[in-house]
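The values are calculated or read from the model by the stated rules, or taken from the named source; none is laboratory data. Please read these numbers as outputs of a predicted model, since none were measured by experiment. Using ideal geometry, Cβ is built from the backbone for each residue, glycine included, and neighbour counts are taken over all protein chains shown. Accessible surface areas use protein heavy atoms only, side chains included; no ligands, DNA or RNA. Shrake-Rupley method; radii C 1.70, N 1.55, O 1.52, S 1.80 Å.
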Amino acid sequence: AENLKENIFYQFQVRAMNMAGVSKPSLPSAGLECKEWTITIPGPPVGLHVLEVRDTSVVVLWEPPVFDGRSPVNGYYLDIKEASAGEKGWKAVHEKTNKGKYMKVTGLTAGTSYVFRVRAQNLVGVGKPSAELGPILAQTRPGTKEIFVDVDDNGVISMIFEFSEIKEGSHFVWSKNYQEITDTSRLTIVTEGGKSRAIFNSLSLEDLGTFSCMVTNTDGISSSYTLTEEALLRLLDLSHEHKFPVIPFKNEMAMELLEKGRVRFWAQMEKFTSSCQVDYVFNDVIIEQGKKYTMKFDKSAGLIELFMDSLELTDEGTFTFNLVDGKAKGATSLVLIGDEFRELQRKSEFERAEWVRKQGPHFVEYLGFAVTPECNVLLKCKIGNIKPETEIIWSKDCIEIAEEDEDAEKIEKKDSELTFNIGKISKQDAGIYEVFLRDERGKDKSAFNLTEAGYQAVMNELFRVIANSSSDVQIMSTENGIILYSNVTYYDENLRVGWLHKDAKIAASERVKSGVTGEQLWLKINEPTEKDKGKYTMDIFDGKDGVKRVLDLTGKAWEKAFEEFQRLKAAAIAERNRARVVGGLPDVVAIQEGKSLNLTGNVWGEPTPEVCWVKNDKELVSDNHYTLKFEHGKFASITIAAVTTADSGKYALVVKNKYGKEAGEFTVSVYNPDEESREEKKD
């Protein structure tokens, strides 16, 4: 009200007006004194109302207070409480001041009624709260629709809000940040019946914000949409796609080589219609179906194909499929130039040559090699399309291996496999081996160069087989020391074998040395001591990194081996030094009665053995009949003077010392010639 006088009390009445006329006035208000506003803080905000009431949210709007106080209002606080709660139920919706005159409250409980109030703030402080708004029931009205964004086929971006129950006298009101839009430079509003469309004239960052639409003369039918920068960019991309649609590809153009060296270019579309058309282009020139090119377009699968029988020098360049499907367009290309093209051309020519080759007898697998577990070297290949009359010829160093040659026995054919069994390889087997196939349909050949690098490759494989055949390192004790050994299937003199003790290479010496006997790889440790305990590693070259076999010669393993060495050493010493008869005595002595018998036996032993002579297990002593001597600790002799038939029998020279005992046995037979003569006459 204006033109009022200060310090005068006034009363106020309000009347409503519509098309029919003016209503009766309201009851008079209480008397209000007209005087200057002197309070420093803002007055209470006014005009509280709600929009977009939903099960879990609501938008609260208000107007500034009539009086700002000593300084302008710089923010607001929104309070909330459940309608059933007392005055202590009030709580702030937010902590920081809200600069705007609206706020969306979320996190409500569906079916619960709430009351709201707003307080204004200036530099002095926070004013009194507004009149309470509510109760407001948190409930989404049945049939409520939200604003949605649409991008049509022409790329036009718009927001749409629908209310099918709109009645006469109601209309749609669009707002930005809850201020009614009156400037049509950014948006064009088009309303038809129960649908209103807000069309962006030229969507840009200027349009960021919250857009809302309400229907007047209803109980708050409204909705809002917040346009963020992320959503704006997404809509602009979508608009561009709709304005300039691109045919999407499931698979971009690719190329593959087929049998006979044919080349296939292909691509597959993801979305298309039956009206889609394709132009096949090479270096910007449309090519047509004919002798050089074959085209296929399978519209049921969206598969586009271009076939060429071969690649020529003039085919270097860019191949393209150009597609048109209504206003949508698409293109996919493959560039074949430079080294990539030349490599592809080479492969194409090779595949065609391979196809021609396979029309006759040919090699499915070219000549190569294998080493069997027994370490035999085989040259082998696989052949195909063979007839009984197909000739198969082997040669070495350009000299054919004839059926009568010794090497012919090494050749074997089993089904489609050919093998040449070299056996245990040596340098004499080095050479260039070839196999020839031929008949009336064609010919083919394969070669293997078993020299230099080829020979070394075979040897490396042989070394691998040998190395992997090696057994775990075993322990054997002898009278001289301890032997560590491993057995292999086969040993080749070129195989490198190294031994390590505690990961350090063992240097050969008189006491510790390594070697090979047959298929046994060994390390001999003579007269072992405590220093020889530890980890031993046998490293066998396998053509690459080597195969290692490890033995831990400590603990019980060492104790057992060392004790056995000492036992065998003692036994060997005993065997070497035991008393024995080493020669001089015959097995049988035949002597005429009356003659003298003189025999000497050679004796050995350390210490010098004791000796004695026995007859028929009875010891003899020196007397007039027997003369027994032991001279120089080596020679024991017996002399029997004038033997008689009574001296016939079994004799022995018995020797013994602390290491053992031995008897040199012989038989003495005494005969009488006269008696034998008489016996013969009787006969």
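Quickly run through segment 157-183 and pick out the residues that are under 22 Å from LEU233 (Cα atoms) and surrounded by fewer than 17 Cβ atoms within 10 Å (Cβ to Cβ).
Within segment 157-183, ASN177 is the sole residue that qualifies.
Please indicate, with yes or no, whether at least one residue in segment 670-683 is more than 30 Å from PRO528 (Cβ to Cβ), touching a Phe, Trp or Tyr at 6+ places or on another chain (Cβ under 9 Å) and open to solvent by 40 Å² or more (accessible area, probe 1.4 Å).
No, because not a single residue in segment 670-683 is more than 30 Å from PRO528 (Cβ to Cβ), touching a Phe, Trp or Tyr at 6+ places or on another chain (Cβ under 9 Å) and open to solvent by 40 Å² or more (accessible area, probe 1.4 Å).
Residues being among the small types (Gly, Ala, Ser), over 18 Å from HIS49 (Cα atoms) and touching a residue at least 60 places away in the same chain (Cβ under 8 Å): count how many of those fall in segment 80-136.
Here the count works out to 2.
I want to confirm something. Restricting to segment 517-541 and keeping residues that are within 14 Å of GLY481 (Cβ to Cβ) and either of a type in the set (A, V, I, L, M, F, W, C) or open to solvent by less than 40 Å² (accessible area, probe 1.4 Å) (or both), which single residue is farthest from the chain's Cα centre (by Cα)? Quick ask: steps written out before the conclusion?
Step one: filter segment 517-541 for residues within 14 Å of GLY481 (Cβ to Cβ), giving 522-533, 536.
If we keep only those that are either of a type in the set (A, V, I, L, M, F, W, C) or open to solvent by less than 40 Å² (accessible area, probe 1.4 Å) (or both) too, we end up with 522-523, 525, 528, 532, 536.
Values: TRP522: 40, LEU523: 41, ILE525: 46, PRO528: 49, ASP532: 44, TYR536: 35 Å.
Applying the filter and picking the extreme gives PRO528.
Go through segment 64-77 and give me each residue that's surrounded by fewer than 21 Cβ atoms within 10 Å (Cβ to Cβ) and assigned to a strand (DSSP E or B).
GLY75
Can you spot a residue in segment 418-440 that is within 39 Å of the chain's Cα centre (by Cα), open to solvent by less than 50 Å² (accessible area, probe 1.4 Å) and aliphatic (A, V, I, L, M)?
Yes, that holds for at least one residue.
Any chance segment 281-290 includes a residue that's in a loop (DSSP other than H, G, I, E, B), more than 27 Å from ALA353 (Cβ to Cβ) and open to solvent by less than 60 Å² (accessible area, probe 1.4 Å)?
no
Just checking, how many residues over segment 378-411 are farther than 20 Å from VAL356 by Cβ and either open to solvent by less than 70 Å² (accessible area, probe 1.4 Å) or within 44 Å of the chain's Cα centre (by Cα) (or both)?
15
Could you tell me whether any residue of segment 227-248 is hydroxyl-bearing (Ser, Thr, Tyr) and either over 30 Å from ASP325 (Cα atoms) or modelled with pLDDT of 90 or more (or both)? Before you say what the answer is, go through the steps one by one.
Residues of segment 227-248 that are hydroxyl-bearing (Ser, Thr, Tyr), as a first pass: 228, 239.
Okay, now just the ones that are also either over 30 Å from ASP325 (Cα atoms) or modelled with pLDDT of 90 or more (or both), so 228.
Yes - at least one qualifying residue is present in segment 227-248.
If you take just the strands (runs of 3 or more DSSP E) that sit entirely in segment 349-440, which of them hold at least 2 residues that are within 30 Å of LEU313 (Cβ to Cβ)?
Numbers: elements: 362-371, 377-384, 391-396, 411-414, 417-423, 431-439.
Because the criterion is at least 2 residues that are within 30 Å of LEU313 (Cβ to Cβ), the strands (runs of 3 or more DSSP E) in segment 349-440 that meet it are 362-371.
I'm trying to understand the selection: among the residues of segment 11-63, which are acidic (Asp, Glu), in a loop (DSSP other than H, G, I, E, B) and open to solvent by 50 Å² or more (accessible area, probe 1.4 Å)?
If the condition is that a residue be acidic (Asp, Glu), in a loop (DSSP other than H, G, I, E, B) and open to solvent by 50 Å² or more (accessible area, probe 1.4 Å), then GLU36, ASP55 are the ones that fit.
If the Cβ limit is 6 Å and pairs must be 6+ apart or interchain, which residue in segment 509-529 that is without any contact (Cβ under 8 Å) to a residue 40 or more places away in the chain pairs with which residue that is hydroxyl-bearing (Ser, Thr, Tyr) and assigned to a loop (DSSP other than H, G, I, E, B)?
VAL516/TYR491; GLU519/TYR491
Scan segment 493-513 residue by residue and report those that are within 42 Å of the chain's Cα centre (by Cα) and either farther than 28 Å from LYS427 by Cα or surrounded by fewer than 16 Cβ atoms within 10 Å (Cβ to Cβ) (or both).
If the condition is that a residue be within 42 Å of the chain's Cα centre (by Cα) and either farther than 28 Å from LYS427 by Cα or surrounded by fewer than 16 Cβ atoms within 10 Å (Cβ to Cβ) (or both), then GLU493, ASN494, ARG496, GLY498, LEU500, HIS501, LYS502, ASP503, ALA504, LYS505, ILE506 are the ones that fit.
Given the conditions (1) over 30 Å from VAL66 (Cβ atoms); (2) of a type in the set (Phe, Trp, Tyr); (3) surrounded by 17 or more Cβ atoms within 10 Å (Cβ to Cβ), report the number of the one that PHE148 does not fulfil.
(3)
Residues of segment 542-568 being open to solvent by less than 40 Å² (accessible area, probe 1.4 Å) and in a loop (DSSP other than H, G, I, E, B), which ones?
Correct list: ASP542, GLY543, GLY546.
So HIS362 fits all but one of (1) in contact with a Cys (Cβ under 9 Å, 6 or more places away or on another chain); (2) open to solvent by less than 30 Å² (accessible area, probe 1.4 Å); what number is the exception?
Condition not satisfied by HIS362: (1).
Evaluate the following for ASP623: is it surrounded by fewer than 16 Cβ atoms within 10 Å (Cβ to Cβ), out of contact with any His (no Cβ under 9 Å at 6 or more places or on another chain) and either in a loop (DSSP other than H, G, I, E, B) or of a type in the set (Phe, Trp, Tyr) (or both)?
Working: surrounded by fewer than 16 Cβ atoms within 10 Å (Cβ to Cβ): yes; out of contact with any His (no Cβ under 9 Å at 6 or more places or on another chain): yes; either in a loop (DSSP other than H, G, I, E, B) or of a type in the set (Phe, Trp, Tyr) (or both): yes.
Criteria met by ASP623.
When you check ALA301 against the structure, is it open to solvent by less than 60 Å² (accessible area, probe 1.4 Å), in a helix (DSSP H, G or I) and out of contact with any strand residue (DSSP E or B) (no Cβ under 6 Å at 6 or more places or on another chain), yes or no?
No; evaluated as a whole, the condition is false for this residue.
If we scan segment 368-379, do we find a residue that is in contact (Cβ under 8 Å) with a residue 24 or more places away in the chain, touching a strand residue (DSSP E or B) at 6+ places or on another chain (Cβ under 9 Å) and under 30 Å from ASP284 (Cα atoms)?
Scanning segment 368-379, I find no residue that is in contact (Cβ under 8 Å) with a residue 24 or more places away in the chain, touching a strand residue (DSSP E or B) at 6+ places or on another chain (Cβ under 9 Å) and under 30 Å from ASP284 (Cα atoms), so the answer is no.
If I filter segment 478-514 down to residues being touching a Leu at 6+ places or on another chain (Cβ under 8 Å) and of a type in the set (Gly, Ala, Ser), which single residue comes out as farthest from THR554 (Cα to Cα)?
Within segment 478-514, the match that is farthest from THR554 (Cα to Cα) is SER514.
Can you name the number of the only condition in (1) part of a strand (DSSP E or B); (2) at pLDDT below 95 that LYS650 fails?
Every listed condition holds for LYS650 apart from (2).
If I filter segment 321-332 for residues that are hydrophobic (A, V, I, L, M, F, W, C) and open to solvent by 30 Å² or more (accessible area, probe 1.4 Å), do I get at least one hit?
Yes, segment 321-332 contains at least one residue that is hydrophobic (A, V, I, L, M, F, W, C) and open to solvent by 30 Å² or more (accessible area, probe 1.4 Å).
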